[in-house]
1. How much length is gained if the chain between R26 and A379 is pulled fully straight, taking 0.36 nm per residue apart and subtracting their Cα-Cα distance, in nm to one decimal?
2. Could you tell me whether the range 271-336 comes out rounded, prolate or oblate from its Cα gyration tensor? Rule is a ≥ b ≥ c as square roots of the eigenvalues, rounded for a/c under 1.5, then prolate if a/b exceeds b/c, otherwise oblate.
3. Under 10 Å, Cα contacts only: if you run a Gaussian network model on the chain, which one of D140, D106, D121 comes out with the highest mean-square fluctuation?
4. How much accessible area does R372 have with a 1.4 Å probe, in Å² rounded to the nearest 10?
5. Using unit Cβ charges (K, R positive; D, E negative) and no other charged atoms, how large, in debye to the nearest 20, is the dipole of the range 290-382 about its Cα centre?
6. So how strong a dipole does the range 119-166 carry about its Cα centre when Lys and Arg Cβ are +1 and Asp and Glu Cβ are -1, to the nearest 20 debye?
7. Work out how much length A339 to D238 would gain on full extension: take 0.36 nm times their residue separation and subtract the Cα-Cα distance, in nm to one decimal.
8. Using only the Cα atoms of the range 81-138, build the gyration tensor, take square roots of its eigenvalues as a ≥ b ≥ c, and label the shape rounded, prolate or oblate: rounded if a/c is under 1.5, else prolate if a/b is larger than b/c, else oblate.
Amino acid sequence: MSGDRHGRILLSPPEVGEAEEEAVLRALRSGWIAPAGPELDAFERELAARCGRDHAVALSSGTAALHLILLALGVGPGDTVLVSTLTFVASVNPIRYVGAEPVLIDAEPDRWNIDPSLVADELADRGRRGRPPAAVVAVDLYGRCCDYSALEAVCAEHEVPLVVDAAESLGANHEGPDGVVRPAGQAGVAAVLSFNGNKIITTSGGGAVVTDDEALSDRVRHLATQAREPAAHYEHRDLGYNYRLSNLLAALGRAQLSSLDERVAGRRKVAMRYEESLGPLDGVSFPATDPGWNGWLTCLLLDPRAGLPDPESVRSELDATGIEARRAWKPMHRQPLYAEAATRLSGVADQVFDRGLCLPSSHALSTAEVDRVIDALTAALG
Ligand SMILES: *Cc1c(COP(=O)(O)O)cnc(C)c1O
C-alpha cells in the first residue's frame, strides 16, 4: 500500500513501520535527546560500512553535506566546480553557498548521468587556460551510479577532486570495466547521501558525508558542530554551522537502513513491471538496463515523433485519476537561477526534460496499484 489516506498513489512516499516506531521510542527512552549519542555513532558506522567507506558523518540534510564537503575541500570565491546540469537544484546550490560558480555539464544518453567525455573536454580546456576547476560534483541520477571508473580516471589525470552526489543512489552498485563491483558512494574523495522524505531511506530529513579520508571527515564534523574548538570555554576559530543529525533521527535511519535491500528489490520489481508493460509501446523508452540500479525512481521517455503527448499533459491526466507522477528534473541551465552559468551541453538533458516522466516507484506499491498506474498511463498515451 503506497497511497495516502485518500487512495492516491504517490511518487515516492516515506514508508515506516513498527521497526521505526520501536527504534525512535528506544532512542527517546535512552535519554539521548541531542545531536549526539549512541544511535548516531552506530548509524554512522553502518552507513560507512554500507558505502564501503572508512568514515561517515551524519548531517541534517544532503544539501548540508554537500555544503560542508565543498568547504572542507577548500572550495571558495573565484573557484569553479563542474556539476551535472540534469539534477535537483540541491546538487548545485552549495557551490554558490561557498562563493564558487558552477559549470553545468550535460548527460550521457543511456543513463542520463554526467557525461565523462564532456567532463574530460572541459577539464582539458580549463587546464590549458591554467584555470582548473576546484572540484567535480557528479550525480547518481534516479539511483543509477554515474561512471565512477571513467570519472575517477579523468579527475585523477587533472588532479581535481571528485565528489559524488549519491543522494538518490544509496543501495545501488557500480561495476567497473575490470568487473569490480563497488557500492554507491564508494568513489571520489567523498560522497554525499540524503535521507529526505522521498529518498530510498528516510530520517524525515537528513544526510551524510562518506569518505575514506579521516582528516576530511574530522573537518566536516568540526564544521557541522559550530566549529567549536576543544576547550572547556567556548572557543571558535572558524565559521561553523549547526548541521548535525539528531540521535533520535539516527535511530529512525538505522531502522530504515536495515530494510534497504528489500527496498531496492521491491523498487526494482515495480520498475520491471512498468518496463514489461510499457516498454513495448511505440515511442516509450527507458534508460539502459543497469544491474546495479537501486530502482529509486522509474522515469520513462515519451517520443513526440511517435505521436505521444507531452509529459506535462500526461502528468496532469494521471493527477486527475489520483496518481502522482513527476516531470524529469528541469536542467539547471534552463533555470532562471543558473541562466548565467557556464555550460558544456550536448542536448541530452534537454531531451530528458522535454520527454521524461517519473512514475510512482515505492517498494510498498502492490501489484494492483502498479497495474492501476500502467492502465491510466496507457489510456493517457491514447
Ligand atoms: C535529494 C537530493 C539532494 C538533497 O538532499 P536533501 O537531503 O533534500 O538536502 C541532493 N542531490 C540530489 C540529486 C537529490 O535528489
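The values are calculated or read from the model by the stated rules, or taken from the named source; none is laboratory data. Nothing here was measured: the structure is a model prediction, and the numbers come from that model. Here Cβ is always computed from backbone atoms with ideal geometry, including for glycine, and neighbour counts include all displayed protein chains. Note: areas computed on protein heavy atoms with side chains; ligands, DNA, RNA excluded. Shrake-Rupley method; radii C 1.70, N 1.55, O 1.52, S 1.80 Å.
1. Numbers: separation 353, 0.36 × 353 = 127.08 nm, distance 4.78 nm.
So the extension gain works out to 122.3 nm.
2. Working: a/c = 1.37, a/b = 1.14, b/c = 1.20.
Rounded shape, in that the Cα axes give a/c under 1.5.
3. D121
4. 90 Å²
5. Values: 9 positive and 13 negative charges, 60 e Å.
I would put it at about 280 debye.
6. Details: 5 positive and 9 negative charges, 45 e Å.
That gives the range 119-166 a dipole magnitude of about 220 debye.
7. Numbers: separation 101, 0.36 × 101 = 36.36 nm, distance 3.27 nm.
Length gained between A339 and D238: 33.1 nm.
8. Numbers: a/c = 3.12, a/b = 1.05, b/c = 2.98.
Here the range 81-138 falls in the oblate category.
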